[in-house]
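Okay, structure first, notes after.
No value in this document is a laboratory result; all are computed from the given coordinates. A quick note: this is a predicted structure, and the numbers were derived from the prediction, not measured. Backbone-built Cβ (ideal geometry, glycine too); neighbour counts: all protein chains shown.
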Number of protein chains: 2
Amino acid sequence: MHIKKIAARAKTTLVTRLRQVQAPKAATTAVAAVKGGVTAAQGYRAAGVKAGIKASKKPDLAVVVSDRAASAAGTFTRNAIRASSVTRCENLLPASGVRAMLCNSGCANACTGKQGVKDTDATAALVAKALNITPKSVLTASTGVIGKFLPMDKIAAAVPNLVKALSPTGGGAFAQAIMTTDLAKKESAVKVTVGRRSFTIGGTVKGSGMIHPNMATMLCFITTDAAVTPAVLNGIVKGVVDRTFNNLTVDGDTSTNDMALVMANGASGVEIKGHVAGGKELVAAFEEGLFTVCNDLCKQIAADGEGATKRVEINVTGARSEAEAKAAAKAVATSNLTKCALFGNDPNWGRIACAVGYSGAKFSDTRMSIKLCGIEVFKNLQPVKFDEKKAHTLMKKKVVVIDIDLGVGKKSATAHTCDFSYDYVKINAEYRT
Amino acid sequence: MHIKKIAARAKTTLVTRLRQVQAPKAATTAVAAVKGGVTAAQGYRAAGVKAGIKASKKPDLAVVVSDRAASAAGTFTRNAIRASSVTRCENLLPASGVRAMLCNSGCANACTGKQGVKDTDATAALVAKALNITPKSVLTASTGVIGKFLPMDKIAAAVPNLVKALSPTGGGAFAQAIMTTDLAKKESAVKVTVGRRSFTIGGTVKGSGMIHPNMATMLCFITTDAAVTPAVLNGIVKGVVDRTFNNLTVDGDTSTNDMALVMANGASGVEIKGHVAGGKELVAAFEEGLFTVCNDLCKQIAADGEGATKRVEINVTGARSEAEAKAAAKAVATSNLTKCALFGNDPNWGRIACAVGYSGAKFSDTRMSIKLCGIEVFKNLQPVKFDEKKAHTLMKKKVVVIDIDLGVGKKSATAHTCDFSYDYVKINAEYRT
């Protein structure tokens, strides 16, 4: 069922992509959803174990290992207060020769000064030693409470178990062990076929609070068995993240630990060579596959946003530029008032218009319009009589779509978010108790 | 009691002001809190009546009238979606010859197109006719639900009662009639004495949601019996609003109807002539008085923020510039996660550091520090061991102070906000039901 759902999305995505980029003939490229996450692609093993970092005794240490040297690239939080794991990865990437991505949950190891830097390095070294690889080939990530030190003794004790548990079907255990307030583990994978060549891209993310990525993302781990040079991978990853995770918000707070990491190990034998003669088609196919996975993970984060009762998609069209479309969509996605109205199933479109108004995006004085669950509520900058009861009923669905036409151009963007409920407040008032 | 409280604040403010501006010798100037709001100054009458705009049948139409022509200036929302009342006032001001400020609650008359513009003009004309003054001398403001038209028949029927009710002690009725989700009416006034000359400044504001003023403010009405030319008044008002209301947030949503209006009618006989020879001292005293009133009203809005259980003051020091100090203070004040932690009395300072990190303000790698309720929790960018139970207990108070030292300069700013509770969500999920 999950696979079918993603397949349908992949199709929609394809149409979108064809409009946005000058993609090659679609006939030769197919993007199909497959099961799994970080171990969906060939040549990866993963594990997730309990190290005792979380008070809840749930799994909290995860690693995914490539059986051969891989290219890797990433995007990183623009928060100036950043965890040492983020700084470490940003210094290392893009790179070739990468072997593993390590992540702990329950402790963000942010705002921990020099000790925090040492602990991150020590964690990478522990795992590297157990795997008999270099520390530099191990990427590190952390998530959880800010301002706490990593319990290094517990991590040291857990690393042998972690390495022992590595398995080609360990993607689910990995996805489980990186969760904090997430209610569901999040995975997505696709098989991309271009003519007779095929490769797989799969990944996982963690939400669910402090989600407002800025030029980066929350924690995301993606693996592929395509071969991609670090420079090409870097360019593609940054572009795709900008169109997916950077249009996502749960609560407007950009985290100290946001990071999206992608490893490409070439185990499929398919080489993505960049926009050189003959390579264009494969690059577009890879970008398409990566977009599909990231976009699906985005929706999974929004649906599992802290306290969320529904997922919300905000489509802005008719903008002068993609940047303005994005600004308008994100302003609505971030508006607390709009999100409370969504929780109350109240078609209070005035709050949506208000957020567009302060977004900085240019709109038409005579043509700006808003649809809520497909119902026209504001047309040509004038209120429209509509069936409020019908709108109220439609808003109770698990996915609510808001369409905004700015009426001044041809550019568009989509933002992802969720509603704002009592439970968001509850979760975050009691987070550390 | 209220007066005493404000007097204490006025004193603090004075000290602050002396540090920030090159004020004249303090000995000659005194700013003392007095009772009242828009009718505290001489030569003003006000009223608030029930026109039936609100479904709750509470007072919803208010006016304050000067018995002589007054100078007036204002600041206005930077939201591009703006009510016709805002556009009308911005076109009229700064001006001399102003006689009245009119405000309705229960209907924002925003997103109402051409009809909305006509209705605003018609409302001003109705009141002008009843007072036998020109429509241009009546300033207009609206607050309430966006996208609804003003019930013009009800307003027309209520205007005679409104004018009949005008009284030199009507400031409280005015403050009452402009409320929407506010739980308490908000008034503040001071008597400013410079040598043997004295004048009064008094005002009122409405909160309590969609509060995140940007180069403007929520609805604020201030009157003074000092004589100030429109140009001088305009400059002083913009400066003071920038240091008070523009550092205030309840929920991060900048309203379509924000506006701060100030009338100066000269009834005290004291003339504020601008920074010319001999006038400097009076300008500084007037600015000081206006700052005291606006700052006090700011605190009252924060304390009565939708769903608030406490008021929060964020003091940032050690910044490179006032703009960066303000950016850091406002980022913390706007952070949903910080505000949920404040509601839960959780000394989770990591969220404060996180917000400073994404604010864009420069901070020192070795000297950035945070105090929560006076307790040092983060020092020199390192976590500090502190008594969490004591912090938890102190955070239960009605006013919580957060001190952040960026450690890179000498500039400072203060932001005002409240915590984020279940009730904020409840109020805004059910606002129109």
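Numbers for the structure displayed
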| item | result |
| --- | --- |
| Peptide ranges B:200-207, A:112-119 listed from the most packed, as the mean C-beta count within 10 angstrom indicates | B:200-207, A:112-119 |
| Projected label distance in nm at B:Asn161 and B:Val399, using a 7 Å step from Cα toward the beta-carbon | 3.9 |
| Under-5 Å amide H pairs with B:Val145, H placed in peptide plane, nonlocal only | B:Gly106, B:Cys107, B:Ala108 |
| Test item: B:377-383 mean partner chain Cβ contacts at 10 Å | 4 |
| Exposure proxy order (Cβ contacts within 10 Å, fewest to most) of A:Thr309, A:Thr224, A:Thr28 | A:Thr28, A:Thr309, A:Thr224 |
| Residue of chain A nearest the A-to-B rotation axis [by Cβ], rounded angstrom distance | A:Tyr422, 2 |
| Separation of the B:Thr87 and B:Lys410 label points, Cα + 7 Å toward Cβ, nm | 4.7 |
| Burial ranking of peptide ranges A:231-243, B:285-297 (average Cβ count within 10 Å, highest at the top) | B:285-297, A:231-243 |
| Extension gain (nm, one decimal) between B:Thr169 and B:Ala80, 0.36 nm per residue minus Cα-Cα | 28.4 nm |
| The protein assembly as shown - share of DSSP beta bridges that are antiparallel (%, nearest 5) | 70 |
| Quotient of C-alpha Rg and 2.2 N^0.38 Å, computed over the stretch B:66-105 | 1.26 |
| Rounded to whole Hz, the Karplus (6.51, -1.76, 1.60) HN-Hα couplings of the stretch A:65-80, x for glycine and proline | 10, 8, 6, 9, 4, 10, 6, 8, 9, x, 10, 9, 3, 8, 5, 6 |
| Calculated label separations, B:Asn161, copies of the chain, 7 Å along the beta-carbon direction, nm | 7.3 |
| Computed E for B:Ala231/A:His392 - FRET, C-beta separation, R0 60 angstrom, nearest 0.05 | 0.75 |
| Hull shadow area, averaged, the protein assembly as shown [alpha-carbon convex hull, nm²] | 35.2 |
| Inter-chain shielding of B:417-427 (mean C-beta neighbours from other protein chains, 10 Å cut-off) | 4 |
| Distance between modelled label sites at B:Ser96 and B:Lys57, nm, 7 Å Cα→Cβ extension | 4.8 |
| Euclidean distance of C-alpha centroids, the stretch A:72-89 and the stretch B:245-260, integer Å | 33 |
| Value of relative contact order over the stretch B:271-333, rounded to a whole percent, pairs C-alpha under 8 Å and six or more apart | 16 |
| Sparsely packed trypsin sites (Lys or Arg not before Pro) within the stretch A:172-203, loop by DSSP, other Cβ within 10 Å at most 16 | A:Arg196 |
| Computed helical MRE - 222 nm, chain B, DSSP H runs ≥ 4 contributing -39500 (n - 2.57), nearest 500 | -11000 deg cm²/dmol |
| Shortest-first nm distances, B:Lys114 label point to equivalent points in other copies (7 Å, Cα→Cβ) | 7.2 |
| Cα centre as origin, Lys/Arg/Asp/Glu Cβ charges: the protein assembly as shown dipole, Debye | 320 |
| Cα gyration tensor, the stretch A:311-429 - rounded (a/c under 1.5), prolate or oblate | oblate |
| Cα centroid separation - the stretch A:146-194 against the stretch B:116-172, whole Å | 63 |
| Within 10 Å of each Cβ in B:344-353, the average number of Cβ atoms from other chains | 6 |
| FRET efficiency, 1/(1 + (r/R0)^6) with R0 35 Å, evaluated for A:Arg196 and A:Ser364 via beta carbons | 0.10 |
| Residue (of A:Ser105, B:Val228, A:Ser198) at the positive-pole extreme of the protein assembly as shown, dipole from beta-carbon charges | A:Ser105 |
| Under 5 Å, built H, 5+ apart or other chain: amide partners of A:Thr134 | none |
| Span-like helix ranges in chain A, DSSP H, alpha carbon extent 15 angstrom or more, Kyte mean at least -1.0 | A:2-20, A:113-131, A:152-164, A:230-243, A:280-303, A:322-334 |
| Per-copy distances of the B:His392 label point, shortest first, in nm (7 angstrom along Cα→Cβ) | 4.2 |
| Calculated FRET value between B:Thr134 and B:Glu271, using beta carbons and R₀ = 22 Å, to 0.05 | 0.35 |
